[in-house]
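The values are calculated or read from the model by the stated rules, or taken from the named source; none is laboratory data. A quick note: this is a predicted structure, and the numbers were derived from the prediction, not measured. Note that each Cβ is placed from the backbone with ideal geometry, even for glycine, and that neighbours are counted across all protein chains shown.
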Amino acid sequence: GGGYIIIPDGTYMTGALFFKPGVNLYIEKNGILKGSQDITDYPIIKTRIEGESCLYYPALINASHADGFTIYGEGTIDGCASFDNWWKDAKIRKIAWRPRLVFISHCKNVLLHGVTVTNSPSWTLHPYFTDNIRFVDLKVINPANSHNTDGLDPESCTGVEIVGVYFSVGDD
């Protein structure tokens, strides 16, 4: 029926999460949701990446057909990527399969507010076919040596609002 996943003060590691309609994410101040560095924690699924639908790794956070989906709080979503564990391969081969940080697909009335998103293995925020999505007071931070960690890639979306968002990423 819905509710909230709450990340309290502390650090919590996970693989890919798939949010159902009515379920939202709240990250308390000093709460950190970290992405696993083990690629097997991201099972290959049919998804959208690089302008096409294909079999690929899911993001750390995935919401599909979840109208009203919200991520908010003062905490951090940390993709746990670094040059040694994700980006080195990408720089060598130019294309390397890596999970994104947040993928929101076919949703309406979405809000991301207040959190910090950092160290994405690949694209950081990727909304797709989503209507009325707001990005408010976020920090999107990836190191300068990161590869293909675009800050925000809205694809086929309408009503995209970006207010007070700070971007510092190694790519677009």
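Here are some notes:
- Qualifying residue in the range 142-150 (condition: among the aliphatic types (A, V, I, L, M) and part of a loop (DSSP other than H, G, I, E, B)): yes
- Leading residue by the ranking (surrounded by the most Cβ atoms within 10 Å (Cβ to Cβ)) among those in the range 11-43 that are modelled with pLDDT under 95 and among the β-branched types (Val, Ile, Thr): Ile39
- Within the range 92-99, the presence of a residue that is closer than 27 Å to Gly1 by Cβ, crowded, with 24+ Cβ neighbours inside 10 Å and modelled with pLDDT of 85 or more is excluded.
- Evaluation of Pro21 against (1) outside any loop (DSSP other than H, G, I, E, B); (2) over 15 Å from Ser122 (Cα atoms) (one fails), failing number: (1)
- Hey, Asn132 in contact (Cβ under 8 Å) with a residue 24 or more places away in the chain and in a loop (DSSP other than H, G, I, E, B) or not: no
- Selection within the range 12-32 - touching a Gly at 6+ places or on another chain (Cβ under 7 Å), farther than 17 Å from His65 by Cα and not β-branched (Val, Ile, Thr): Tyr26, Glu28, Lys29, Asn30, Gly31
- Tally, over the range 110-154, of residues that are in contact with a helix residue (DSSP H, G or I) (Cβ under 6 Å, 6 or more places away or on another chain) and small (Gly, Ala, Ser): 1
For every residue, the table says whether it meets (1) assigned to a loop (DSSP other than H, G, I, E, B); (2) within 17 Å of the chain's Cα centre (by Cα); (3) not charged (D, E, K, R).
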site: Ile5; (1), (2), (3): no, yes, yes
site: Tyr12; (1), (2), (3): no, yes, yes
site: Tyr26; (1), (2), (3): no, yes, yes
site: Arg48; (1), (2), (3): no, yes, no
site: Pro58; (1), (2), (3): yes, yes, yes
site: Ala63; (1), (2), (3): no, yes, yes
site: Ile71; (1), (2), (3): no, yes, yes
site: Ile77; (1), (2), (3): no, yes, yes
site: Ala81; (1), (2), (3): yes, yes, yes
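- Members of the range 135-151 found to be under 21 Å from Gly51 (Cβ atoms) and surrounded by fewer than 21 Cβ atoms within 10 Å (Cβ to Cβ), listed by number: Asp150
- The range 103-128, residues that are crowded, with 22+ Cβ neighbours inside 10 Å and assigned to a strand (DSSP E or B): Phe103, Ile104, Val110, Leu112, Val117, Thr118, Leu125, His126, Pro127
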